[in-house]
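Down below is the structure, laid out as structure tokens.
The values are calculated or read from the model by the stated rules, or taken from the named source; none is laboratory data. What you see is a predicted model, and the numbers here were worked out from it, not measured in a lab. Cβ placement follows ideal geometry from the backbone for every residue including glycine, while neighbour counts extend to all protein chains displayed. Side chains included, ligands, DNA and RNA excluded: accessible areas come from the protein's heavy atoms. Shrake-Rupley method; radii C 1.70, N 1.55, O 1.52, S 1.80 Å.
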Amino acid sequence: MTEQNYPASIPTQAQVVIIGGGVVGCSVAYHLAKLGWKDVVLLERSKLTAGTTWHAAGLVVSGGFGTETTINMAKYTRELYQRLGEETGQDTGYKAIGYLEVASNAERVEGLRRQADFARGYGIDVEQISPDEVKNLWPLLYTDDLLAGFFNPLDGRANPVDTTMALAKGARMGGVQILEDIPVTGILKDKGRVTGVVTTQGEIQAEYVVNCCGIWSREVGKMAGVNVPLQAAEHYYLITEPVEGLHPDLPVVEDPELYLYLREEVGGLMVGMFEPVSQPWGMNGIPEDFSFGEIPPNWDRLMPYLEKAMHRIPIAKEIGVHTLFCGPESFTPDMSPMMGEAPELRNFFIAAGFNSLGILLGGGVGQIIAQWIVDGYPPVDISSINIERMSPFRSNQRYLYDRTVEMLGWQYAEGWPNLHFESARGARRSPLHDRLAKAGAWFGESDGWEYADWYAPPGVEPDVEHSWQRQNWFEYNAAEHKAAREAVILMDLTPMSKFLIQGRDAQQILNYISARDVNVEIGRCVYTTWLNERGTIEADLTITRLAQDQYQVVSSWSIHTHVLTWLKRNTPPEAHVSITDLTSAYALINIQGPNSRQLLSKVTSADMSDQSFPHLTMQEIDIGYALVNALRITYLGELGWELYVPSEFSLHVYDCLLAAGDEFGLKHAGLQTLETLRMEKAFRDYGHDIDNLDTPQQAGLAFTVDADKPVDFIGKKAFLEHKDSGTPDRRLVQFLLEDPQPLLHGGEPIYYNGVRVGDIRTGAYGHTLGGAVGLGPITHAGGVNKDYLQAGKIEIEVVGVRYPARASLRPMYDPGNKKIKGG
Ligand SMILES: Cc1cc2nc3c(=O)[nH]c(=O)nc-3n(C[C@H](O)[C@H](O)[C@H](O)COP(=O)(O)OP(=O)(O)OC[C@H]3O[C@@H](n4cnc5c(N)ncnc54)[C@H](O)[C@@H]3O)c2cc1C
């Protein structure tokens, strides 16, 4: 322990306490200091880097993976590590030796090309090279079976310990106190807000606490009553004796097909592995004294993967092994980090779960968390990283164990469209699940929910054949799509989040939170956004008035916790309102299509005519022996109803609908069909094509705001300011490829008169429009409007080929909503 780290006593208060002195905690500290926050204390239970950071392989290879947010995090990190040595006098060891990813099958080449096309838009300089060029760069590689390499000359490697020390030094220079050998043993809180930490040396009162505890983050989260569902797993690399011809300037190599990465290490080879069947670790808790710890390696488990590695680097067969190293790293159930303010506790932030990329992302993580704390809101699109996406059940120990077995392999999995985890399945099922399975459903999974994605026809076993081209279910989806447009479909949307808001103040509270006026007559449904004070979108949802003092709020399940948290945080404690989560209480059966009225009329005594049952209204109707709440609404552009059925009646109602369905052409449809239909109608999906950075004007959702409503609401002022500033420079646009062949999966670059102006965020095949449809934002200084779109040549690039596309701000399918309004 150095003298400067050894306090006579610890401070009794600080503005921010950071727990954990790995690369992430030190980066948060550094960035808070950079933003001028000096009253910051970092507590480390052992020594800096003693957790996972000390043994990381130090790869800083951004390749082309991820989302805009993670790509920018990686890029920023790389730039930071390059300049930090000069700034602090402590070198990070960053070396821009380059990064080479190799591909030995055509589908992998296509996947990497798609990633590279996307990443280039964010300044990641990655180029496809030939196998001969791979050989020139890395003569010791076996390249005969390679089809291509993807090379990024600016990426490289850093020394994780030196990097952390440089961040710590920079933080100290900015006024942060870093204290080692001080474990945090408890979290102080009061009225839903963190107020400090308990340590072995006493308490520190604090306004903010940041949990950067790596594999310990789940335990530290528990101290605060906060859900941090991550699990440690073994991660291996092997270091050989020196090899002739190896030198430190050789690029880092990754071969995802063989689950390996390679780089030089003190004259020998470092061969790291992301094996497809991994081993969770620390199931009975992490040992107390686990500092600078190692896990005894299991040679037998690793041998098959090492043999595969030797195929790519044959010389390894002849060289002695110096070390087979195994250390624990934390993995999350969906392979994305968990960052941000805990939904359970105000001002308690988490930065954990980096899935073996903590060094690569560390700089960006610190920057985002620090900015988020200082500003009170995140500076980036947080859809894929927000801790709020994790449902409480994800902390279930058995679930985490079973899922984690698959997680290392995901690091190198081909990023196929519609790829789903295979482990820990079946956790959450709709009451209709078995019926849907019998009907031929292939199930996807999201947040534990099993959902019918598409249906195989009779006699066909539902299974996915992955491909970047049309997958085997393409035609089944086309038939479901056609049935929705021309007949009627049944779609199970039970996982949708459903909340009951009731009490004397329910209307007033919801009207303050919602951008639209929800003081409507009983039975009326309102589609609205929820805005924040900056006038950007927190959620989009439907709100139906059930009674004078009762509302049903429905959102997509991906923002379940966020909706609940936003609602609670914007409800004053004295308000007479109760919020109940009814998601599990109701099945949601979606009956949609031009024949939906006839079908429902057959099974109910209610009058389903347009006059008696107008669009965007809800009524209780009878179906069989059940009473269900029917809401006339659509998310796919047809006449249709959502049936909210008490769970115990759902099988009965389903059976009644099925029994009556044949004569109207009723067909089951899965969520792939929801996607192809809603894309044609350009209906937005929060967290996919719109996010927390978009204003309603940019998202094309200005109609979800009633700026003239008689009461004030969150975001009104900012909304009006945005409105006054005229046509937005960035707008979400709908695209249709003129060529019916190529597919859009998201991430494809958009060109306007040959200049890249954006990327497709979500893509699907428009079976009615006759080509691939995408939604993506275009940026143009001077405003994106109809005239601008019509004046230029629009093309979308799909794997290197630019295809002409139509672009529109109005939905291309049924722009006048004639189908929805029915008759
Ligand atoms: C073998 C291996 C190789 C890897 N290679 C790479 C790579 O090449 N590139 C890459 O990007 N990533 C790599 N990683 C992943 C990377 O090392 C981690 O993601 C990263 O180090 C995580 O940093 P952290 O700060 O979140 O966690 P840690 O480094 O584990 O830091 C957490 C700290 O919190 C402290 N702590 C815990 N509980 C308490 C408490 N109660 N009170 C106070 N302090 C506490 C711990 O002592 C620890 O020091 C690798 C991981 C492994 C296992």
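Miscellaneous remarks
- Estimated from helices alone, the mean residue ellipticity of the chain at 222 nm is -7500 deg cm²/dmol (sum of -39500 (n - 2.57) over DSSP H runs with n ≥ 4, per residue).
- Over the chain, volume per residue of the alpha carbon convex hull, in Å³: 163
- Percent accessible area from carbon and sulfur atoms, segment 434-533, protein chains only, probe 1.4 Å: 48
- With θ taken as phi - 60° and the Karplus curve 6.51 cos²θ - 1.76 cosθ + 1.60 applied, the whole-hertz 3J(HN,Hα) list for segment 759-772 is 9, 5, 8, 9, x, 7, 8, x, 5, 7, 6, x, x, 6 Hz, x standing for glycine and proline.
- Proximal lysines relative to K308, as straight alpha-carbon distance under 16 Å, when same-chain residues fewer than 8 apart are discounted: K317
- Ordering A352, T404, Q548 by the projection of their Cα atoms onto the charge dipole of the chain, which places +1 on the Cβ of Lys and Arg and -1 on the Cβ of Asp and Glu, puts Q548 at the extreme positive end.
- Each Lys and Arg contributes +1 and each Asp and Glu -1, all at the Cβ; summed about the Cα centre of the chain, the dipole is approximately 1960 debye.
- Spatially, segment 462-515 and segment 305-333 are offset by 44 Å when compared through their Cα centroids.
- Taking packing as the residue-averaged number of other Cβ atoms within 10 angstrom, the listed peptides 566-578, 50-62, 288-300 run from highest to lowest as 50-62, 566-578, 288-300.
- When the residues W530, W37 are ordered by accessible surface, computed with a 1.4 Å probe over the protein chains alone, the sequence from largest down reads W37, W530.
- K819, K786, ranked by accessible area, largest first (probe 1.4 Å): K786, K819
- Rounded accessible area of D162 (nearest 10 Å², 1.4 Å probe): 50
- Partner aspartates and glutamates for K38 [C-alpha distance under 17 Å; skip if fewer than 8 residues away on the same chain]: E207, D375
- Counting Lys and Arg as +1 and Asp and Glu as -1 over every other residue whose Cβ lies under 11 Å from the Cβ of N386, the net charge comes to -3.
- Of all accessible heavy-atom area on segment 124-271, the percent that carbon and sulfur account for (1.4 Å): 50
- In segment 1-127, a dipole from Cβ-located charges (positive for Lys and Arg, negative for Asp and Glu) runs towards its positive end, and of A29, A57, Q13 it is Q13 whose Cα lies farthest in that direction.
- Whole-angstrom gap from segment 191-258 to segment 607-686, using each part's C-alpha centre: 46
- 1.4 Å probe accessible area per residue over segment 1-140, in Å²: 38
- Distance cut-off 22 Å, percentage of C-alpha pairs in segment 367-502 lying past it: 55
- Of K717/K786; K47/K95; K602/K709; K191/K723; K222/K717; K75/K723, those spanning more than 29 Å from alpha-carbon to alpha-carbon: K602/K709; K191/K723; K222/K717; K75/K723
- For T199, nonlocal amide neighbours, meaning residues 5 or more places apart or on other chains whose placed amide H falls under 5 Å from its own, are T185, I204.
- Rounded Å value of the spacing that divides the Cα centres of segment 748-823 and segment 105-173: 31
- Label zone at I315 (point 7 Å along Cα-to-Cβ), backbone N below 17 Å, segment 132-154: 134-144
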